[in-house]
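Undergrad: Structure provided below as structure tokens; questions to follow.
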Amino acid sequence: MSSGLIGKKIGMTNVFDDNGKNYAVTVIEVDPNVITEIKTNEENGYEAVQLSAFDKKEKSTSKPLKGHFEKAGTTPKKYIKEFRDFIPEDAELGDELNIDDVFSIGDNVDVVGVSKGKGFTGVVKRHNFSGVGEATHGQHDRQRHPGSIGQASDPARVFPGIKMAGRSGNERNKIKNLTIAKIFSESNLMMVTGSIPGPNGRFVEIYNR
Amino acid sequence: MDKLKLAEQTLINDEYPEFKTGDTVVVHYRVREGDKERIQKFEGLVISRRGTGANQTFMVRKISAGNIGVERIFPLHSPFVAKIELKRQGDIKRSKLYYLRERQGKSARVKEKDQNQDNVRELNRKAEEKAAAKQKADEEE
């Protein structure tokens, strides 16, 4: 894996480049990420750094977690994530990482987040089926149906894993190869081209490719 | 939402006079031909404005030679829109003037709001000041 940071989706807008081309971009807020744990080859068998970001109320933090954050000398944070094989230079507990430390404009990144929950949806929306049959010629009540789900009396059952209707969305997705369009160091904001999973305000992980 | 606006502010150039639908404007548009660049003017009536923040466009309608209506949609914050000049302010009762497409001659006119043009001059002056200030800042950089 690679270096990365924790961020929060703010919303979408668009930017023009020098050639007058317009791109859709997503604004991500990257609160200073605090190093709360460092894993080493000697102790843990692999190298990693644990980052935490976005303040949380003290009273809604459990005692064990409070102790964990106290060790790093920081306030309780909402989102904790381990980044494997990512060792910043001279990393020490309690160090803060900002956007500029990890990313620069023009870099390609992957963004991981939990997508919006869609509830119980049919196969057309969930699996991009195209529905069955026509709207006319005597057909009715099956424009958005799945069609056949198997054979006849030979298997006499439906095989596992057949795509059907059900709960959709609310799952971890990775959007690959987005480009960093702009970075605003003072306000801890950055822009990546294209869309990323989840509603505004949801936490996302940004990885260097 | 505030953070979104904060980020958007940096993308927005506000060196244009405030204008609404019904106003007559001259849009100075940069045209690139090979590696040469020149400025093309497009004068007409603003018949619609849409969008918010960095994502705004406006539609300009002019009656071209031969009595043919020509409409162009400009992105407000495009780097190709070099300058917008306000010519006159219109007194109108709706935000989209699409009804003008079916009209010709006298009935396709829009009443003028500001006969003395004091407002127009003031708005243009303010815009030019902003543009000059920005140019100065750019040069200093």
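Undergrad: How tilted is helix A:63-72 with respect to the longest principal axis of chain A? Cα atoms for both, answer in degrees (0 to 90, nearest 10).
TA: 50 degrees
Undergrad: While we're here: On the accessible surface of chain A, probed at 1.4 Å, how many percent belong to carbon and sulfur atoms?
TA: Values: 5460 of 12240 Å².
Summing carbon and sulfur atoms, their accessible area is 45 percent of the total for chain A.
Undergrad: Rounded to two decimals, what is Rg over Rh for chain A when you use alpha-carbon atoms and the Kirkwood radius?
TA: On the way: Rg = 22.8 Å, Rh = 20.3 Å.
Over the Cα atoms of chain A, Rg/Rh equals 1.12.
Undergrad: Which links in B:LYS62/B:LYS113; A:LYS39/A:LYS63; A:LYS81/A:LYS118; B:LYS36/B:LYS126; A:LYS9/B:LYS134; A:LYS21/B:LYS41 stretch past 28 Å when you go from one Cα to the other? Spell out each step's value before the answer.
TA: Details: B:LYS62/B:LYS113 19 Å; A:LYS39/A:LYS63 22 Å; A:LYS81/A:LYS118 26 Å; B:LYS36/B:LYS126 30 Å; A:LYS9/B:LYS134 31 Å; A:LYS21/B:LYS41 21 Å.
The answer is B:LYS36/B:LYS126; A:LYS9/B:LYS134.
Undergrad: Can you sort A:SER148, B:SER48 by solvent-accessible area, 1.4 Å probe, largest first? Kindly include the intermediate steps, with their values, before the conclusion.
TA: Details: A:SER148 100, B:SER48 10 Å².
Highest to lowest solvent-accessible surface, that is A:SER148, B:SER48.
Undergrad: Sticking with this one: Whole number in Å², please: accessible area per residue of chain A, 1.4 Å probe, ligands, DNA and RNA not counted.
TA: Value returned for chain A: 59 Å² of accessible area per residue.
Undergrad: Then there is this: Size of segment B:1-139 along its principal axes in angstrom, Cα-based, largest extent first?
TA: Result for segment B:1-139: principal-axis Cα extents of 47, 39, 32 Å.
Undergrad: Using the eigenvalues of the Cα gyration tensor, what equivalent ellipsoid semi-axes result for the protein assembly as shown when each is taken as the square root of five times the eigenvalue, whole Å, largest first? Let's see the in-between values first.
TA: Details: eigenvalues 479, 251, 63 Å².
In descending order, the three semi-axes are 49, 35, 18 Å.
Undergrad: While we're looking at this one, here's another question. Compute log10 of I(q)/I(0) for segment A:124-169 with the Debye formula, placing one identical point scatterer on every Cα and leaving out solvent, at q = 0.19, 0.27 Å⁻¹, to two decimals.
TA: After summing over all Cα pairs, the log10 values are -0.74, -1.01.
Undergrad: If you build the Cα gyration tensor of segment A:1-117 and take the root of 5 times each eigenvalue, what three semi-axes come out, in whole angstrom, biggest first? Please report the intermediate quantities before stating the final value.
TA: Numbers: eigenvalues 176, 70, 30 Å².
Output for segment A:1-117: semi-axes of 30, 19, 12 Å.
Undergrad: I'd like the Karplus ³J(HN,Hα) series for segment A:190-196: coefficients 6.51, -1.76, 1.60, θ = phi - 60°, whole numbers in Hz, and an x wherever there's a Gly or Pro.
TA: Values, residue by residue: 9, 10, 10, 5, x, 9, 10 Hz.
Undergrad: How large is ³J(HN,Hα), in whole Hz, for each residue of segment A:31-47 in order, when computed from phi with the Karplus curve 6.51 cos²θ - 1.76 cosθ + 1.60 and θ = phi - 60°, using x for Gly and Pro?
TA: Ordered by residue, 3J(HN,Hα) equals 4, x, 7, 9, 7, 10, 7, 10, 9, 10, 4, 5, 8, 10, x, 7, 9 Hz.
Undergrad: Continuing with this model, one more query. Anything losing 50 Å² or more of accessible area from the isolated chain to the full protein assembly: pick those residues out of segment B:1-25, probe 1.4 Å, ligands and DNA/RNA ignored.
TA: Buried by 50 Å² or more upon assembly, which counts only protein chains, are B:LYS3, B:LEU4, B:ALA7, B:LEU11.
Undergrad: Here's a follow-up. Given a 1.4 Å probe and no ligands, DNA or RNA in the count, how much accessible surface is buried by B and A, both sides, to the nearest 100 Å²? Kindly include the intermediate steps, with their values, before the conclusion.
TA: Values: alone 9960 and 12840 Å², together 21560 Å².
Counting both chains, the buried surface is close to 1200 Å².
Undergrad: Please give the Cα centre distance for segment B:22-65 versus segment A:1-53, rounded to the nearest Å.
TA: Measuring centre to centre over Cα atoms gives 39 Å.
The values are calculated or read from the model by the stated rules, or taken from the named source; none is laboratory data. Small disclaimer: the values here were computed from a predicted structure and weren't measured. Each accessible area value is taken on the protein alone, full model and side chains, heavy atoms only, with ligands, DNA and RNA left out. Shrake-Rupley method; radii C 1.70, N 1.55, O 1.52, S 1.80 Å.
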